[in-house]
Structure formats: structure tokens, C-alpha cells
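For reference, the structure discussed in these notes is given below.
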Amino acid sequence: MTKARYLRLADMLAGAIKDGKLAPGQKLPTHRAFAEQCHVALATATRVYQELARRGLITGEAGRGTFVRDLGVPLTLGVHQTASDGLIDLVFNMPGEAADAEMLRKGLRRLSAAGDLDAMLRYQPHAGRLHERRIIADSLAPRLGPVDPEQLLVTSGGQHGLALLALGLFQRGDAIATDALTYPGFKSVAALQGLGLVPVQGPRGMMDADDLEKQCRAHKLSAVYLMPTVHNPLGGVIDLPTRRRIVEIARKFDLQIIEDAAYAFLEPNPPPSFVTLAPERTIYVGSYSKCLATGLRLGFLIAPKPCQIRLQEAIRATTWNAPALISGLVTGWIQDGTLQNREQARRQDGAARQHLCQQILGPASVVSHPNAGFAWVPLHKGSRADPLIARLKEQGISVSGAAAFATTVAIPQALRLAFGGVPSDALEQVFQTVYDTIGNARVA
């Protein structure tokens, strides 16, 4: 069967890119100019460029045009972002310390000495064991107010919680409003489930309520997904007036609110949660990975009662139940104060790392939260992230660009640095290498 014309043209350009005839960073003709050169319709030229972007071979930049990607730089899309072996990893945020192993040893000894250990080897209720749900719910009260344990479901991590929402509450083709820069894991879940993401503008991850209402009028939206307390990757915290305005819009247009609270523990004085402001339509996604350990896959959802059956069916279809051994460990750490101590330690460690980052890169160059182990480094207009990522890779450091986080067609030119897992004694040199490599490209 003969390939469509746009695919043949895409293959031709792909071959030129892979052979080096079109070099990394080379600017391609406009869609219209390409159409004229190849004697095809403008729509065909657009499909060619879309196909090349889908293959990860080109990238579009707002106001500048379309450029050949540097294929030596890993394509950081969704959860596939990765740091190559042997490189210092500034891609994934993996906080940890030597005391974590001893925490695990003590937790396992405590579990092994507990009664009814045999129960952990059996199937568990889909929503989790009720006494553990009560422990989790009670621990959330100081931050969220009273939480009904019957409305709390235990999950195998925050990412699993997002997958459950997509599987249980939405249909293929549904549209969800998100920040223009959002969590890559949610992008991946949405793509697998065939959900459309509609970007909403706003400064530093603080969603602009007026633009949200504008998008509600322009699209049939089912929900809004946001990280209101310590946005990833920008670190912003949405203020209370904006939260109330978003609630007003959600009620007006009957949107569900998905509140991702993965990093919320980093903010010591947060405004009221959406689950407090609009409990009838908010699904709160919590996780223990960032405050305890990334390998301990345990999280929870707080959801309105009408959503419970569908979410429990989604748990049944995916994992049946969260691992009882892990939930037993985590709820034990909640009860003995370990969780609270670890959250405080993560805040202190993040603040120290963030201070060093801003001290070396310059506070005007970094967008972040003061307690976060990650930072966003916007680049000057005319600077491109891919060459800088490649140069840092040559220096032994792996970083992300904006593609993993962007929901807009045009990808911002920026670097995302995740330094929570870098050994403290190496961190100053890592920041200095980043500073020396990116030079004047950063916004200062």
C-alpha cells in the first residue's frame, strides 16, 4: 500500500535529520514555505511537521519557528524522562539520606513483631484496610480539617491515584484544563486514556482564574487538574482569593477539581485546600513518595462519595489493593511521628539546597519554592535549551528541558533542575558546572 504523501515527506526529512544533513538547531522553513517548495497544500505541510514532532525530531518555539532537535539529548516526554547511566541525575527528584535505611529497618522490625502478621499475606479491601484509612485520615486533619476515612482510598502511590482517576472517572475524548506547565506523569496518564489537555495560563504555576473561565467557554471541559500548593515544576502556591475564584468557576461549569498534593508538605503555611473549599467536587491526590522514599509506593485519594464505586473498581482492575506490607509500614511511621519528622527534615534539606542553588545561579535566574529540591531556569529569548542540555551531558550532568512539562504547542526554552537526590558534598560543584555551562543564556 502506498504511503500518504505527508508520511513520505516526513520520512524524507527524518532521513536528512538522522544522516546529519539537517543539523541540530537548524531552522526549518515555515509551513507555507515548505508547502511551496514541495508543491503540496499548506495542510499537508502542517501534517508533515506534526509527524516529525511526534517522532521527536523537531521542536517548535513560539515566535521563532521550527528547529531540528538534538538527537543526542534524551526526549523527555512524560514519565519516560531519564538520566543516562553514569551521569549526575538532575532529572528525577529523589530525596533521601543515610538515615532512611535505618528507618526502614526499624519499621520492618516493628511490623515483624506485630500481631496478625498473616493478614498482610491475604487479599485486602480494594480501598485499603479501614483502620489504616483512619490513621491516614486523622493525620491529615491539621492540614485539611476532618477527613471521613470512608472517603479515603489507599493507592499504590500518587501516580497510581492519577491513573485511577483517568480510568474510573473520565471517558476517552474528555477534556481537562491544566497549567501550561504541568506534571509529566499526568500528561502520560491522559495520553494513555485519550484525554485532551487544555492549557490555562498563569504566573509561576498559579492558574489564572479568568483564563480558566475563558477556556471553559471555548471548550467542553470535564475537570481541572492543578497543583495549588507547591507546583511542579515552578514551585508556586495559589493564593486563597484565586482558589475561591477557581471553585466558583468549577461550580458554574460543573468541573471536577483534581488537586495533586505531592509536594504540598513543603509549604508550612498553605491556604485552605480545594478539598476543604469544594469537597463536593474535589479529588485530592496524596503521596508519601516525596516525603518518605520514592521506592515506597503508597498514596491515597480523597473523593466525593459518588466517585467511590468507580474508583474502587479502578483499583480492583489495576492492583486489587495497595500492598499491605507498605501500608503497614507507612501508617506505623505516621503513628510514631516518623512521617512528621521526615517532612520537617525534607523541608530543611530542600531550603538549604535551594539557597545554594540561588546563591550560585542567582535568585533572578531561578523560579522555585524556598523549600523545594527542584528549580526552573528560564532562558533568554533567542537561547535554546537543547544545546545546553547536550553540553551539560558532556559535563556529566543530566537535566530536563521543558518538553516533559509543557501542554502548549510551543515549548518554552528552560531547564528544570531536580537536585533533591544529589549528594550534599557534590551539590556546590554541580551548581557551579551548570552556571558555567549555561552562561548568559539564563534570565538574570
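The values are calculated or read from the model by the stated rules, or taken from the named source; none is laboratory data. These figures come from a predicted structure and were not determined experimentally. Heads up, the Cβs are rebuilt from the backbone with ideal geometry, glycines too, and the neighbour counts pull from every protein chain shown. Only protein heavy atoms, including side chains, enter the accessible area calculation; ligands, DNA and RNA are left aside. Shrake-Rupley method; radii C 1.70, N 1.55, O 1.52, S 1.80 Å.
Of the conditions (1) under 28 Å from ALA375 (Cβ atoms); (2) open to solvent by 10 Å² or more (accessible area, probe 1.4 Å); (3) outside any helix (DSSP H, G or I); (4) among the β-branched types (Val, Ile, Thr), VAL189 clears all except one; give me its number.
(3)
Please specify each residue of region 13-35 satisfying the condition of being loosely packed, with under 13 Cβ neighbours inside 10 Å and more than 24 Å from PRO387 (Cα to Cα).
Once the filter is applied, which keeps residues that are loosely packed, with under 13 Cβ neighbours inside 10 Å and more than 24 Å from PRO387 (Cα to Cα), region 13-35 yields ARG32, ALA33.
Considering each of ARG297, ARG342 in turn, give the residue that is of a type in the set (D, E, K, R), buried (at least 21 other Cβ atoms within 10 Å of the Cβ) and modelled with pLDDT under 95.
Exactly one residue qualifies, and that residue is ARG342.
Considering only residues that are over 26 Å from PRO363 (Cα atoms) and of a type in the set (Val, Ile, Thr), look in region 225-254 and name the one that is surrounded by the most Cβ atoms within 10 Å (Cβ to Cβ).
Looking only at region 225-254, we keep the residues that are over 26 Å from PRO363 (Cα atoms), and these are 225, 241, 243-254.
Subsequent filtering for residues that are of a type in the set (Val, Ile, Thr) retains 246-247, 249.
Working: ILE246: 26, VAL247: 18, ILE249: 21.
Looking at the filtered set, the residue picked out is ILE246.
Please go through region 311-324 and pick out each residue that is open to solvent by less than 30 Å² (accessible area, probe 1.4 Å) and either at positive phi or in a helix (DSSP H, G or I) (or both).
Answer for region 311-324, where residues must be open to solvent by less than 30 Å² (accessible area, probe 1.4 Å) and either at positive phi or in a helix (DSSP H, G or I) (or both): LEU311, ALA314, ILE315, ALA324.
In region 211-224, which residue that is open to solvent by 30 Å² or more (accessible area, probe 1.4 Å), free of Cβ contacts under 8 Å to residues at least 24 places away in the same chain and not aliphatic (A, V, I, L, M) is farthest from SER400 (Cα to Cα)?
ARG217
Give region 295-310 a look and list any residue that's outside any loop (DSSP other than H, G, I, E, B) and farther than 22 Å from ARG251 by Cα, or say none.
Selection gives GLY299, PHE300, ILE309.
Output the residues belonging to region 374-385 that are open to solvent by 20 Å² or more (accessible area, probe 1.4 Å) and in contact with a Phe, Trp or Tyr (Cβ under 8 Å, 6 or more places away or on another chain).
ARG384, the sole residue that qualifies.
In region 195-210, which residues are at pLDDT below 95 and either surrounded by fewer than 18 Cβ atoms within 10 Å (Cβ to Cβ) or in contact with a Pro (Cβ under 9 Å, 6 or more places away or on another chain) (or both)? Can you show your working first?
Of region 195-210, the ones at pLDDT below 95 are 201-207.
Those that are at pLDDT below 95 and either surrounded by fewer than 18 Cβ atoms within 10 Å (Cβ to Cβ) or in contact with a Pro (Cβ under 9 Å, 6 or more places away or on another chain) (or both): GLN201, PRO203, ARG204, GLY205, MET206, MET207.
Quick one: would you say LYS305 is modelled with pLDDT under 95, open to solvent by 10 Å² or more (accessible area, probe 1.4 Å), farther than 20 Å from ASP100 by Cβ and not polar (S, T, N, Q)?
Spelling it out, it is not the case that LYS305 is modelled with pLDDT under 95, open to solvent by 10 Å² or more (accessible area, probe 1.4 Å), farther than 20 Å from ASP100 by Cβ and not polar (S, T, N, Q).
Taking ILE257 and the conditions (1) of a type in the set (A, V, I, L, M); (2) open to solvent by 10 Å² or more (accessible area, probe 1.4 Å); (3) not in a helix (DSSP H, G or I), which numbered condition does it fall short on, given that it satisfies the others?
Evaluating ILE257 over (1) of a type in the set (A, V, I, L, M); (2) open to solvent by 10 Å² or more (accessible area, probe 1.4 Å); (3) not in a helix (DSSP H, G or I) leaves (2) as the failure.
Sort out for me the helices (runs of 4 or more DSSP H) sitting completely within region 325-444 that have 1 or more residues that are closer than 25 Å to TYR263 by Cα.
The helices (runs of 4 or more DSSP H) meeting that bar are 338-361, 424-438.
Tell me which residues, restricted to region 36-53, are in a helix (DSSP H, G or I), within 11 Å of TYR6 (Cβ to Cβ), open to solvent by 20 Å² or more (accessible area, probe 1.4 Å) and of a type in the set (Gly, Ala, Ser).
ALA43
Mind checking which residues of region 262-287 are open to solvent by 10 Å² or more (accessible area, probe 1.4 Å) and assigned to a loop (DSSP other than H, G, I, E, B)?
ALA262, TYR263, GLU267, PRO268, ASN269, PRO270, PRO271, PRO272, PRO279, GLU280, ARG281
Residue check: is PRO241 without any contact (Cβ under 8 Å) to a residue 12 or more places away in the chain and either farther than 21 Å from ALA404 by Cα or more than 21 Å from the chain's Cα centre (by Cα) (or both)?
Yes, satisfied.
Taking the condition part of a strand (DSSP E or B), aliphatic (A, V, I, L, M) and either closer than 30 Å to MET94 by Cβ or touching a residue at least 12 places away in the same chain (Cβ under 8 Å) (or both), does LEU292 pass?
no
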